[in-house]
Amino acid sequence: MPESDTVTGHSGGPALSQERRLVTEIPGPISRELHARKASAVARGVGTVLPVYTVAAGGGVVLDVDGNSLIDFGSGIAVTTVGNSAPRVVESVAEQVRAFTHTCFMVTPYEGYVRLAEELNRLTPGSGEKRTVLFNSGAEAVENAVKIARSWTRRPAVIAFDHAYHGRTNLTMALTAKNMPYKNGFGPFAGEVYRAPVSYPFRDGGMGGVEAARQAIEVVEQQVGVDNLAAFVIEPIQGEGGFIVPAPGFLATLAEWCRANGVVFIADEVQTGFARTGDLFAVDHEGVVPDLIVTAKGIAGGLPLSAVTGRAEIVDAPHGGGLGGTYGGNPLAVAAALAVIETIEADGLIDRARSIEKTMKQRLTAIQQADPRIGEVRGRGAMIAVELVERGTTTPDPGLTKRIAAAAHAQGLVVLTCGTYGNVLRFLPPLSIPDHLLTEGLDVLDRVFRETR
């Protein structure tokens with residue numbers, strides 16, 4: 001992507017300068033005032049990673065109420081993949097707002113929903129006949145994928161994996177592995193959910209993907225039984241669990257076993273989908289064709305939308321009226337999603353994600369060579385992470401991870417943490433980030449690692 005010093009305003013507003021600029025401490029005084037208001041008005045359970053209050057965002061920066069401009073390595077947790085104010089998205093949504101904001105597709109439908117379903121059927125893996133249904137959030141789509149799988153198989157059990165994250169609804173909390181902060185005190189959870197080991201190359205002794213898959217299958221066959229099993233639900237690259245990339249062959253072996261045993265293979269591509277990993281979908285890296293694929297986050301440029309797409313005979317299994325929701329496939333979100341797809345294809349954003357991966361891995365690997373506290377650099381595309389450990393060991397170091405993240409925030413770089421052990425720094429820059437900001441963000445990280453003990 002060419003260097004650019006500004007992002008043009010798309011609603012009559014001023015251009016947004018593409019620079020890191022700190023005019024106050026982070027967070028600044030107005031952000032602190034707003035955060036005090038948040039504490040007295042918003043539920044305590046809603047956490048905030050970095051309490052700087054946004055007034056504008058785009059390209060690769062977030063501008064706060066105090067006039068600080070921060071480099072964005074978070075993308076709203078992989079949501080604003082094409083940018084926070086991508087021109088086609090802004091224009092498409094504005095046009096739809098002028099027409100109508102809502103009718104409910106289940107009452108009086110509209111062409112946009114149908115067109116987006118056609119596009120998702122075209123773009124998702126597999127060449128057979130497919131169907132799509134739209135929802136609001138990733139968790140809602142995962143839950144409906146399970147409903148669809150149970151309806152088609154007439155079986156109850158579902159397999160999730162170690163380190164998984166699938167959402168915050170009751171069923172998706174059951175599918176999620178990590179207790180705090182996602183599950184603690186919120187049970188009892190939905191039944192007939194079982195867990196199997198995942199391929200985690202950094203922590204499973206370099207076990208190959210095929211062998212790791214066979215171990216997981218053995219657990220499933222012994223503890224659940226094929227005749228009871230409706231579906232496997234798996235993230236092709238685990239998100240909240242630590243950006244864990246399974247060893248080659250793991251996903252393909254699981255998918256092959258599922259197909260042979262009439263089990264629905266559900267790929268949760270909520271965080272990995274829509275060019276984030278350097279392919280349109282993460283399963284494309286191994287040529288895996290899931291029975292159902294769940295998408296959300298980057299699908300609509302920041303508007304709430306999700307989808308389940310898959311084999312027609314499976315998606316069509318539920319009875320008429322069994323799927324849907326008041327806001328599912330809202331016209332504004334649909335318009336945004338169609339513009340996102342156009343932007344990815346027209347602007348070559350899959351190649352851009354691969355370019356970002358090359359730059360980030362090269363720099364982060366150089367930092368790792370000078371700092372033994374970085375146990376591993378991993379990820380694909382613009383979904384990259386470093387796992388931090390105690391020096392010379394594989395023991396997780398969540399304290400160091402928090403200190404590194406806080407130091408980066410103080411210097412105007414938005415980064416996120418994740419991982420079952422709380423010891424992973426994850427980087428999710430928007431694909432719209434200019435090269436000079438990507439380089440500067442990595443310079444900040446280099447300095448932070450050298451200065452933080």
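Each value in this text was obtained by applying a stated rule to the coordinates, not by laboratory testing. None of these values were measured; they are calculated from a predicted model. With ideal geometry, Cβ positions are generated from the backbone for all residues, glycine too; neighbour counts draw on all protein chains shown.
Tell me, how many Å apart are the Cα centres for segment 46-117 and for segment 190-249? Here the two parts' Cα centres lie 34 Å apart. The radius of gyration of the Cα set in the chain, together with its Dmax, comes out at 21.6, 63 angstrom. Here the spin labels are modelled as points 7 Å beyond Cα on the Cα-Cβ line, and at His35 and Tyr194 they lie 4.6 nm apart. On full extension, the segment bounded by Ala43 and Ala94 gains 15.2 nm, given 0.36 nm per residue less the C-alpha separation. Per-residue Cβ neighbour counts within 10 Å put Arg380, Arg447 in the sequence Arg447, Arg380, beginning with the fewest.
Ranking Val146, Asn184, Ala300 by how far each Cα lies toward the positive end of the dipole of the chain (charges on Cβ) leaves Asn184 at the top. Among the GluC sites (Glu not before Pro) found in segment 135-194, those both in a DSSP coil and sparsely packed, with 16 or fewer other Cβ atoms within 10 Å of their Cβ, are Glu192. The calculated FRET efficiency for the pair Glu25 and Ser127, based on their C-beta separation and a Förster distance of 45 Å, comes to about 0.25. By the equivalent-ellipsoid construction on the alpha carbon gyration tensor, segment 214-297 comes out with semi-axes of 23, 13, 12 Å, ordered largest to smallest.
Could you work out [θ]222 nm for the chain from helices alone, using -39500 (n - 2.57) per DSSP H run of at least four and dividing by all its residues? Round to the nearest 500 deg cm²/dmol. Each step should come with its number before you reach the end.
On the way: 13 runs with 163 residues, N = 453.
The helix contribution divided over the chain gives -11500 deg cm²/dmol.
For segment 103-165, the mean projected area of the C-alpha convex hull, equal to one quarter of the hull surface, is 6.1 nm².
Across the cross-link table entries Lys178/Lys297; Lys183/Lys297; Lys147/Lys297; Lys130/Lys297; Lys178/Lys358; Lys178/Lys402, which are compared at the Cα atoms, the separations over 24 Å belong to Lys178/Lys358. Bridge orientation summary for the chain: considering DSSP beta bridges with both residues in this region, about 70 percent are antiparallel. Evaluated at q = 0.14, 0.34 Å⁻¹, a Debye calculation over the C-alpha positions of segment 129-171 (equal weights, vacuum) places log10 I(q)/I(0) at -0.38, -1.22. Cα centroid separation, segment 269-293 to segment 368-413: 25 Å.
Exposure proxy check: Met180, Met106 ranked by fewest other beta carbons within 10 Å? Walk me through the intermediate numbers first.
Details: Met180 8, Met106 13.
Placing the least packed residue first, the sequence is Met180, Met106.
I need His319, His102 ordered by Cβ neighbour count within 10 Å, fewest first.
Details: His319 8, His102 12.
Listed from fewest to most nearby Cβ atoms, that is His319, His102.
By per-residue mean of other Cβ atoms within 10 Å, what is the highest-first order of 290-296, 171-177? Each step should come with its number before you reach the end.
On the way: 290-296: 27.7, 171-177: 22.9.
Highest mean packing first, the order is 290-296, 171-177.
Taking the three principal axes of the alpha carbon atoms in segment 89-346, the coordinate ranges are 56, 40, 37 Å, sorted in descending order. In order along segment 100-105, phi translates into HN-Hα couplings of 5, 9, 5, 9, 6, 4 Hz, rounded to whole numbers, per the Karplus curve 6.51 cos²θ - 1.76 cosθ + 1.60 with θ = phi - 60° and x for Gly and Pro.
Taking a Cβ cut-off of under 15 Å around Lys38, the surrounding Lys, Arg, Asp and Glu residues balance to a net charge of +1, with basic ones at +1 and acidic ones at -1.
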